[in-house]
Structures are given as structure tokens and as C-alpha cells.
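A.B. asks: Handing you a structure now.
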Amino acid sequence: MPGLAEVAAALVLAVAAGGAAAPVDCGQFRVITLRHAQTKFSIRAPEGFKLNLRNGVYVMRKRSVTVSYVRLDTRVSPAQLGVALVQALPGRVLVRAGDNRHFVAAVAGGSRNDHFVVERAGSRLAVTASTTPGVPVALETLRQMGLSARGGVMLRAPRPRPQQTIPLRAYRAPDGGATALVPSGNDWNIQSSGGSIQGSGRRGAFLFGFSYNVPLSAPPNSPPSFITGPYLSAVQALEQLFPRLAPNVRNIRVRRVLRDAILPSFTSSGMLLFDYRLNGRPWTGVATVATDHLSKFSNFLWNFYYSGIGVPAGSSPAVGVGLLRSWRSWDPSGAIAARTRAAIALINETNEIWQQTNEFRSRIADQQSRDVGCLLSGYYIIEDNARRYGLPPLDCGQIYTERD
């Protein structure tokens, strides 16, 4: 892993190659010491910056350039905090790199540029960040400013709490083909067959390990409902074939390919985030979808595989978190085991996916990421009162209001 200075140098080259203005280098200016007497804080900065303290964040301004410094008492690593900040900041990520001691990133958002450096200092993390509509502050400048900081206040992250989730119970398929934790309660209909498990209710739905062979043509005397068709890729099959298999599902549109080629043994596969309508209502789903070409089946048929979950759009994250736990707990047996267990392992490896999708992420983790992101984005009243009402966090600077 290269050192922070090398990473910063690489970032300068990357920004220049992208056509952006060269970052401001501290060496071009006379450096002075800024002080905040009330909190006994000092920091070295280029001449011209003015220092203020707002809600535990030291803010330095010089015309359109804002540099903030915050010290956090947290056990998370620089990389963990850095990734959360990158996700919270709008724009295109130019460079993101780090290790267990440092993390640096640059995000270009069109009307604003964000650079930040995270440094580990004992049990604390120090974050030095800059926001500007024009020429960004160089990473090495931010790093030197952060290392020069002395004294001052420190923010403490909220104590972590267990993820909110719906109650789950142990389930074993009557044929012994699979086990899983499934939602408890009479409002869930659970069924299983041949290693697959499916469940549905008004709050969500899941289908684990579903496999279907699609012939190119129908045998003689087949009913009109008999499903046939040419080979389709994983994305095409989800959008075109799945509604034929589940008539209540309509208008499937893949929003994002979260991981391509997730099951290499298939001809086409991916972990897909998608939107659809179920009985006329908007839903959001995540699934591992795969297809095998008909050349593997004597050119007579091709295979479709699906394993995933879905919830009504805008529903409580507790349902999505619970269904994700159910998915992880699913243990199939028999012929489908090898493929499906590989998919479950990948679910655990790609947990950041769920933090980017409202319906499938922990509200507590989302709130913490939002708070720190707002601080570094220049919003100093970070509490949006969502915790008080148990509601999803709002955009920076917004609060919930009660209505009569």
C-alpha cells in the first residue's frame, strides 16, 4: 500500500488528467497559526483563512474555499469512515485510497469539489476536508493542516445499536431440502420445494434458489400458458421472463448491476437492484439472477436461476434488513447447493450494497453516515430529529415537522 504522500501525488495527476484545475498547494502561501482561544485549539493553515467553531467542527473559510477539521472518538477504521463519507458526498469519485492509518478521497460534483483526509491518532480519527466550487485544496495541504492541529474539542459518535429487523423464526422444508430463518407471523405465507424457499406478505417477499428450464419451443398439445422463448441474458431474463412466471409482477426495470458475473459457472449472471410493480404497487428488489446458454443443454432449452428479496418502495428498513438475514441464513441442499452457497458468500462480501438502498439498510448506520457527511458538507445543524420520530433521515439541513 503506497504512503499517503504518494497517494496524494497520484491524485494530483489524476485530477490534472481529468481536466480539472490543479489543487492549491500549501507551499505557494505563507503559513500561519489559527487559534480558537475558548477551546485551546490551534491549527496551521495558509494565510487568509478565518477560523470558527460550529457544533464541534472547526471551520476555516477563505472566500469560496471552506476547510473543516473535526476530531472523532470512534473505533471505526479510517477506511470505514472514509467510505461512508464518499457515499454521503454527491458527485463522481476521482480517487479513493487508504489503509488502517490513513484514507484520502476526492469527489467532483460539478458545482463543488470535495477533498478529505482521514488520519488515525490513537483511539481517535481526525478528518480534514475542503469544499470549493473551483480549485480544490491539495490533499497534502489538508494532511499537513490536520497533523498540525492541537487541543480543541472532540465529537463522540452515537453508541452503536442493534439493527432494527422484523422477527424471524427457524424453518425447515417438509422435504428436508432447505433450512432458513424466515419472517414470523401469520401474515407471511411460506412454501418450499426442492431446496428453494419462498415467502410472501404485504410487507415483503422472497424467493431463494428458484431454477426454471426454458425450452425453445413447446411440445405438441402444450397449453397456451406453456412458457418458451429464446435465450436471454440475466438482465433480459429478469425484465422479460420473470413477469411471465409471476403474473402479478409487472414493469421490472433494472436500476443497477451491483455485481456482474457473480456466478461464473453460468453464461450470464449478476446481482441486480431493480424496481417493479406488484399488484399495481411500486416495489424494490435485489436478486442474484443467472442464465445458462442452451448450448449447455443440447440446444433444446436454457436455464434461468433467481434468488432474491423484495419490499414495497419506501417501506421500513427493518423489513429489508430482516429479509437479508433470512437470505444469508438460507441453507439449500442437493444439486443446487454448490451454486447457491457461492451466491450467499458473495452477499456477505457486498454488504455495502445494502447501505446504498433505503429499503435494505440499517437506519442507525444510515443516520450516522448522514450526520458526518452533513458536517463535512458545511451543514452545522446536523440533527434532523429523525431519531425522535423513528423515521428515515432527511437530507442535510432538513427536519421533520408535526402537522395538526
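The values are calculated or read from the model by the stated rules, or taken from the named source; none is laboratory data. Keep in mind that what you see is a predicted model, and the values were worked out from it rather than measured. Methodologically, a virtual Cβ is constructed for each residue, glycine included, from the backbone with ideal geometry; neighbour enumeration extends over all protein chains shown.
A.B. asks: Considering only residues that are of a type in the set (S, T, N, Q) and buried (at least 24 other Cβ atoms within 10 Å of the Cβ), which ones fall in region 297-320?
C.D. replies: Hit for region 297-320 is 307, nothing else.
A.B. asks: Could you list, in sequence order, all residues of region 83-127 that are touching a residue at least 60 places away in the same chain (Cβ under 8 Å), polar (S, T, N, Q) and not in a strand (DSSP E or B)?
C.D. replies: Result: 87, single match.
A.B. asks: Looking at (1) surrounded by 15 or more Cβ atoms within 10 Å (Cβ to Cβ); (2) farther than 25 Å from residue 267 by Cα, find the lone condition where residue 223 falls short.
C.D. replies: Unmet condition: (1).
A.B. asks: Ok, one more. Which of the residues that make up region 140-168 are among the aliphatic types (A, V, I, L, M), out of contact with any Gly (no Cβ under 7 Å at 6 or more places or on another chain) and either at pLDDT 90 or above or over 16 Å from residue 69 (Cβ atoms) (or both)?
C.D. replies: 142, 145, 147, 149, 157
A.B. asks: Select from region 253-278 the residues that are modelled with pLDDT under 90 and hydroxyl-bearing (Ser, Thr, Tyr) and list them in ascending order.
C.D. replies: If the condition is that a residue be modelled with pLDDT under 90 and hydroxyl-bearing (Ser, Thr, Tyr), then 265 is the only one that fits.
A.B. asks: Something else about it: Could you check residue 344 against (1) among the hydrophobic types (A, V, I, L, M, F, W, C); (2) at pLDDT 90 or above; (3) touching a helix residue (DSSP H, G or I) at 6+ places or on another chain (Cβ under 9 Å) and say which number it fails?
C.D. replies: (2)
This table checks each residue for (1) assigned by TED's automatic domain parsing to the domain that holds residue 302; (2) among the aliphatic types (A, V, I, L, M); (3) touching a His at 6+ places or on another chain (Cβ under 9 Å).
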residue	(1), (2), (3)
129	no, yes, yes
140	no, no, no
182	yes, yes, no
196	yes, no, no
217	yes, no, no
228	yes, no, no
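A.B. asks: Checking residue 134 against (1) in the same structural domain as residue 314 (by TED's automatic domain parsing); (2) out of contact with any helix residue (DSSP H, G or I) (no Cβ under 8 Å at 6 or more places or on another chain), which single condition isn't satisfied?
C.D. replies: Status for residue 134: all satisfied but (1).
A.B. asks: Quick one: residue 250 ticks every box in (1) at pLDDT below 95; (2) touching a strand residue (DSSP E or B) at 6+ places or on another chain (Cβ under 6 Å); (3) more than 24 Å from residue 330 (Cβ to Cβ); (4) surrounded by fewer than 16 Cβ atoms within 10 Å (Cβ to Cβ) bar one, so which box is it?
C.D. replies: The failed condition is (1).
A.B. asks: So residue 258 passes all but one of these: (1) in contact with a strand residue (DSSP E or B) (Cβ under 8 Å, 6 or more places away or on another chain); (2) part of a loop (DSSP other than H, G, I, E, B); (3) under 28 Å from residue 328 (Cβ atoms). Which condition number does it fail?
C.D. replies: Condition (2) is where residue 258 drops out.
One line per residue, one yes/no per condition, for (1) crowded, with 16+ Cβ neighbours inside 10 Å; (2) in contact (Cβ under 8 Å) with a residue 60 or more places away in the chain; (3) of a type in the set (Val, Ile, Thr):
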site	(1), (2), (3)
219	no, no, no
254	yes, no, yes
272	yes, no, no
279	no, no, no
291	yes, yes, yes
295	no, no, no
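A.B. asks: Please specify each residue of region 169-193 satisfying the condition of being within 19 Å of residue 320 (Cα to Cα) and either touching a residue at least 60 places away in the same chain (Cβ under 8 Å) or assigned to a loop (DSSP other than H, G, I, E, B) (or both).
C.D. replies: Keep residues of region 169-193 that are within 19 Å of residue 320 (Cα to Cα), which gives 169-171, 180-190.
Within region 169-193, 180, 181, 182, 183, 184, 185, 186, 187, 188 qualify.
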